[in-house]
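The values are calculated or read from the model by the stated rules, or taken from the named source; none is laboratory data. The structure displayed is predicted, hence computed values, not measured ones. Because the Cβ atoms are built from the backbone with ideal geometry, glycine has one as well, and the counts that use them run over all protein chains shown. Surface accessibility is based on the protein's heavy atoms, side chains included, excluding ligands, DNA and RNA. Shrake-Rupley method; radii C 1.70, N 1.55, O 1.52, S 1.80 Å.
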Amino acid sequence: MAIELTGSGLTLDDVLRVARGGEAVELAPAAVEAMRAARAVAEEAVAQGVAAYGVTTGVGMRKAFGVEAADHDRILIRQHLIGQGPGAPRDVVRATALRLANALAGGLTPVRAETAQLVVEALNEDRLPEVRLLGSAGQADLAPLADLVDGILGERGLAPGEAIALLNQNAYATAWGALAFHDAGVLLDALDAAGALDLEALGANPDLLHPAIAAARPSTGVRETLARLRELRHGSEVEVRSLQDPLSFRTLPQLHGAVRDAFRFVRGQLELELNAAQANPLVVVSERRLVSVGNFEAQALATALDVARLALAPALATAAERAVKLLQAPLTGLPEGLGARRGLAESALSELGIAVQAFAAEARLLAQPVSLELVSTQQAEAIEDRTTMAPLAGRRLAEMVELGARVVAVELCLAAQACELRGARLGAGTARVQAAVRSVIPFVGIGDPLPDLEPLVALVRRGGLA
């Protein structure tokens, strides 16, 4: 059954099902009626010659000029084809089309139901054009939406006011954010699994998972993380090596718990943005008028995605630190560089410590908040003096997740090697993690080359450690 679009009720799961699963969508009958009612208000404004921003007037600094050309709206789309660079990922383009269609279905814009149906059909038939990666400052995704809409329309015309309604949305930034945030959640689960295997590999003191921690620090994220880590290690017979382990091991529940708490906030903002009216102008049917507003302001979205990266970056940096520590014989009591036996002159797995630090460093650099950036305030005679850089916030989260999967892959490779060298019985959950690692990469014996970690990266990315 197709996902029904109403302008409300769209979920992150719906976005995934459509963007990556190819599920069909349709406009709800009530949405079609709402769009027709809103369009009737726009038609009244055109017939009466009322000054309605973007409908009977130009946009930006040209708001004082009345529309003259019959094909003004089609021209407006084409004059916003300013995108640059390579094409955005296909799932992002599909999610953008979905978010745009849902926005139109709310019946708060001057767009005709027939035009919204064109977007739905192009999405269902996967006839979406290339959308160039760069060009949006996040105060409405004008450039990418111009690419999308121009490709969908072909040579079809538009009615007065439809162009601004199609362009003045943050569908592109919301799409990036929704998909990247889902992937970040998958990565966080993988970080838990790898962290639990690290604890086995080090012979960490299990007191760091004591239930009293959650009682003393009443954080939902900490409670959930503690429960997950205890479940993974249940039944472990690994000998405890130290009373006080390094902080990168000892504070694992608190650190991942903080990420979970931050992600809960981010999810709430994303779910709001998936169904919020991001347009200008808005049609207020009950008042029979169009009101000029700033609902394309995406600060809430940009800030949430900045928070996601700021929360995730320390977890990745600490995962890399644990991985490097597993290579240190004085800390682990295992052979140097996790070689197959002591006293080997070969590097064994030592050089993976350099790689994991490189991945983590690059990920940390992506955590810099972008929502505080402000480009020139002189655009459109100083009227357009706000930006959010929301698309960049989402894209950087996606890039951080990709790097994070590589951090976790190295961490898992080293922890699995250490656990086999230690030879003790693992917990039921960590044993499954160990088996998953060994299903794609082998133990590194004497003289063996380092394994290709790409299959392990793919396992992490697809949620194979959940």
Value at 222 nm in deg cm²/dmol, rounded to 500, when DSSP H runs of n ≥ 4 in the chain each add -39,500 (n - 2.57): -18000 deg cm²/dmol
Using alpha-carbon coordinates, inclination of helix 90-105 to the longest axis of the chain, degrees: 40
Euclidean distance of C-alpha centroids, the range 12-70 and the range 391-407, integer Å: 33
Under-5 Å amide H pairs with Leu134, H placed in peptide plane, nonlocal only: Gln84
Rounded accessible area per residue of the range 78-171, 1.4 Å, Å²: 32
Cα centroid separation - the range 185-257 against the range 413-464, whole Å: 19
Peptides ranked, highest mean first, by Cβ atoms within 10 Å: ranges 167-175, 309-317: 167-175, 309-317
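Could you provide, to the nearest whole Å², the per residue accessible area of the range 314-366 with probe 1.4 Å? The partial results should precede the final answer.
Details: 2340 Å² over 53 residues.
Per residue, the range 314-366 has an accessible area of 44 Å².
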C-alpha long axis of helix 142-153 to longest principal axis of the chain, angle in °: 70
Between helix 113-124 and the chain: long-axis angle, C-alpha atoms, 0 to 90°, nearest 10: 30
Under-5 Å amide H pairs with Leu5, H placed in peptide plane, nonlocal only: Glu26, Leu27, Ala28
Long-range HN-HN contacts of Thr57 with modeled amide H, under 5 Å: Ala52, Val67
Carbon/sulfur fraction of accessible area - the chain, other protein chains in place, 1.4 Å, %: 54
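Quick one: net charge around Ala302, please, counting Lys, Arg +1 and Asp, Glu -1 for every other residue with C-beta under 15 Å from its C-beta.
My count for the surroundings of Ala302 gives -1.
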Relative packing of 442-451, 294-303, 333-342, which averages over residues the other C-beta atoms within 10 Å, highest first: 294-303, 333-342, 442-451
Protection proxy ranking, peptides 95-104, 154-163, 116-125, 343-352, average beta carbon neighbours within 10 Å, highest first: 95-104, 116-125, 154-163, 343-352
Most to least accessible of His80, His210, His182, His234 (protein chains only, probe 1.4 Å): His234, His210, His182, His80
Relative contact order for the range 355-466, counting Cα pairs under 8 Å that sit 6 or more residues apart, in percent: 25
Pairwise label distance in nanometres, Ile75 with Ala37, each label 7 Å out on the Cα-Cβ vector: 3.5
